[in-house]
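Okay, structure first, notes after.
The values are calculated or read from the model by the stated rules, or taken from the named source; none is laboratory data. For clarity, every value in this text was computed on a predicted model and none was experimentally measured. Glycine gets a Cβ as well: all are built from the backbone with ideal geometry, and neighbour counts include every protein chain shown. Side chains included, ligands, DNA and RNA excluded: accessible areas come from the protein's heavy atoms. Shrake-Rupley method; radii C 1.70, N 1.55, O 1.52, S 1.80 Å.
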Amino acid sequence: MREATGHDYPDSDLTEKVIGAAIKVHRGLGPGVLESAYEVCLCDELGRAGLRWSNQVPLPVVYEGRRLDCGYRMDLVVEQRVTIEIKCVDAIASIHEAQLLTYLRLAQLPIGLILNFNVHRLRDGIVRLALTKPGSFSASSAALR
């Protein structure tokens, strides 16, 4: 799992709850299911954990002071603080991280997770990226132990 180091990222307790729910979903379904199925099951699990969530959240682009719908949609937003991008890919690529960073910047949210369910152990498919200050991001590699 790649993440901001230690507990220096925002909402660490909330992201740990989300990760716990995602691990439970992954244990129940395993790899190889459609992203949409993981999303529905994760939403159910988050609700069971007492967390508020929204899925397929539209994300407009503000360009020269105008809000323009460009078709961006965040897979999940939890407690209006964490965005989650669900993937079922062989490996998380830099383009996936760039996508999440764009969502964080446009939504002005402090932290996001990429959850790649197409892995043997889900913790090997998690990337946590944090907005350290407006327009600036923090991410570093660290093994989850």
| message | Can you pull out every residue in the stretch 8-23 that is surrounded by fewer than 19 Cβ atoms within 10 Å (Cβ to Cβ) and either closer than 15 Å to residue 116 by Cβ or in contact with a Cys (Cβ under 9 Å, 6 or more places away or on another chain) (or both)? | response | 23
| request: Only one of these is open to solvent by 20 Å² or more (accessible area, probe 1.4 Å), more than 18 Å from residue 119 (Cβ to Cβ), aliphatic (A, V, I, L, M) and not in a loop (DSSP other than H, G, I, E, B): 77, 57. Name it. | output: 57
| Only one of 85, 45, 97 is under 20 Å from residue 28 (Cα atoms), in a helix (DSSP H, G or I) and either of a type outside the set (Gly, Ala, Ser) or modelled with pLDDT under 95 (or both); which? | 45
| message | Looking at the stretch 80-112 only, could you name the residues that are of a type in the set (Lys, Arg) and closer than 17 Å to residue 18 by Cβ? | response | 81, 87
| said: So in the stretch 100-127, with the set limited to residues that are open to solvent by 10 Å² or more (accessible area, probe 1.4 Å) and assigned to a loop (DSSP other than H, G, I, E, B), which one is nearest to residue 11 (Cα to Cα)? | reply: 110
| task | Only residues that are open to solvent by 30 Å² or more (accessible area, probe 1.4 Å) and touching a helix residue (DSSP H, G or I) at 6+ places or on another chain (Cβ under 9 Å): list them for the stretch 80-91, please. | result | 81, 88, 89, 91
| task | Please work out if residue 14 is touching a Lys or Arg at 6+ places or on another chain (Cβ under 7 Å) and in a helix (DSSP H, G or I). | result | yes
| message | Looking only at the stretch 81-116, how many residues end up being under 11 Å from the mean Cα position of the chain (by Cα), touching a residue at least 40 places away in the same chain (Cβ under 8 Å) and more than 18 Å from residue 54 (Cα to Cα)? | response | 1
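Looking only at the stretch 38-54, count how many residues are aliphatic (A, V, I, L, M) and either open to solvent by 30 Å² or more (accessible area, probe 1.4 Å) or out of contact with any helix residue (DSSP H, G or I) (no Cβ under 7 Å at 6 or more places or on another chain) (or both).
Residues in the stretch 38-54 being aliphatic (A, V, I, L, M) and either open to solvent by 30 Å² or more (accessible area, probe 1.4 Å) or out of contact with any helix residue (DSSP H, G or I) (no Cβ under 7 Å at 6 or more places or on another chain) (or both): 2 in total.
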